[in-house]
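Before any comments, here is the structure.
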Amino acid sequence: IPMGADMLRMQASDIHCRVQQLLQAEALKQFGPQPAPAVQIQLSSAEARLHAYARVQAASFAEGWIIRDVERKLRADDAQPLMIGPLPLSGMIDRIEQHAETGALRIMDFKTFSAPDKPLKTHLAPLSHNWLDSALVEIQSGTRIYQKTWSDLQLPLYRRILEHWYPAECEARPPETAYFLLPSDPNETGIATFEELDTTRNPDAYASALNCAEAVAKVIHAGRFWPPQPFRASWNDPAGPIFVNGSPEDCVSPESIALLKGGE
C-alpha cells in the first residue's frame, strides 16, 4: 500500500533515529566520550549522510522493497563453490532485498563516493582502455548505443552469486542490481539501478560480463598478468610511457610497423 507524505516522513524519522543511535553507540565504543576534533568532523559528516539515508530508505520501503539479507558472504571454500572459469568466486553482498509484490530480488551495494557515480560509469570504460577482447561490449544507454569495455565486474558477479543462492527466484524474474549512493552532498543521496545490465534493455550485456570474468579467470589461472603498469615518464625518455613493453618493436604489431615504413 503506497504511503502518504505524512506516513513517509514518520517512517524516515524512525529510521533516522535508529541509525543515529547505532552511530553514537559505535562512536562511543571506538573513540570514547570525547573524540578528537578530526573524528568529530567525520562523525558530523556521517550524521548528515545517515539523515539522507533515512529519507531514501523510507521511500524504498514504501515502494515495496524488503530487506532479506545483509553482508552475506560467499566463500571460495564452500562445499559447493561458485566457479568462474577455473577459479572459485568469493565475495560479500552488502544487502539483498525482495519486492513484496513481485518477488523480484535486488542487490544493493553501498557506496560513499564523493560524487554520485552510477554503475554504468564505474563498470564501463572507453574502448581506448581495452586490453582484452572478451571485455568488449556494445551497450545501450538511453537512446544511444555505445562501444565500451568492461573495467569493473562487481555487480554482474554479485548477480551471478545471487543466482547461485536463489536459483528459483532468479529464474522466475531476473534480479536487479543497484548502488545505494551516500555521497558528500546529502541532496544527491539515492539509489542508482544498473539499468544497462537489465536483459530487457541490453540482452547480451550480462552474458558479456560473465564471459569477460571467465576470460580474466583463465589468464590469472595461467599466470599471465598483462598489461604491465606503464613506466613513469622521465626527462631522459619522455616517450617511455608510450611503449609499455619496452622497445617500439615489442609494442607495435609488425603490420603497423610495415605500414609506418611505407610498406603495404
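Results for (1) open to solvent by 50 Å² or more (accessible area, probe 1.4 Å); (2) more than 18 Å from Gln154 (Cα to Cα); (3) part of a helix (DSSP H, G or I); (4) acidic (Asp, Glu), shown as yes or no for each residue.
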| position | (1), (2), (3), (4) |
| --- | --- |
| Ala59 | no, yes, yes, no |
| Arg68 | yes, yes, no, no |
| Arg72 | yes, no, no, no |
| Ala76 | no, no, no, no |
| Gln80 | yes, yes, no, no |
| Ile96 | no, no, no, no |
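Just one of the listed residues (Ile41, Ile15) is modelled with pLDDT under 95, within 24 Å of Phe113 (Cα to Cα) and either buried (at least 16 other Cβ atoms within 10 Å of the Cβ) or not β-branched (Val, Ile, Thr) (or both), and it is Ile15.
Going by the structure shown, is Glu196 of a type in the set (Asp, Glu), in a helix (DSSP H, G or I) and crowded, with 20+ Cβ neighbours inside 10 Å? So Glu196 passes the test. The condition of being farther than 21 Å from Arg55 by Cα, hydrophobic (A, V, I, L, M, F, W, C), open to solvent by less than 70 Å² (accessible area, probe 1.4 Å) and free of Cβ contacts under 8 Å to residues at least 60 places away in the same chain holds for only one of Ala125, Ala104, Ala205, Ala135, that being Ala125. Candidates are the residues of region 138-162 that are under 13 Å from Ala207 (Cα atoms) and outside any loop (DSSP other than H, G, I, E, B); the one that is farthest from the chain's Cα centre (by Cα) is Glu138. Being over 28 Å from the mean Cα position of the chain (by Cα) and more than 21 Å from Glu176 (Cβ to Cβ) is a property that Leu28 has. Figure legend. Inter-residue proximity from region 20-38: first residues more than 21 Å from Arg55 (Cα to Cα), second residues assigned to a helix (DSSP H, G or I), beta-carbon distance below 6 Å, spacing 6+ or different chains. Indicated pairs: Ala27/Leu43; Phe31/Val39.
The values are calculated or read from the model by the stated rules, or taken from the named source; none is laboratory data. What you see is a predicted model; the values in this text were computed from it and never measured. Counting neighbours? That spans all protein chains shown, and the Cβs are built from the backbone with ideal geometry, glycine included. Ligands, DNA and RNA are excluded from the accessible area calculation, which covers all protein heavy atoms including side chains. Shrake-Rupley method; radii C 1.70, N 1.55, O 1.52, S 1.80 Å.
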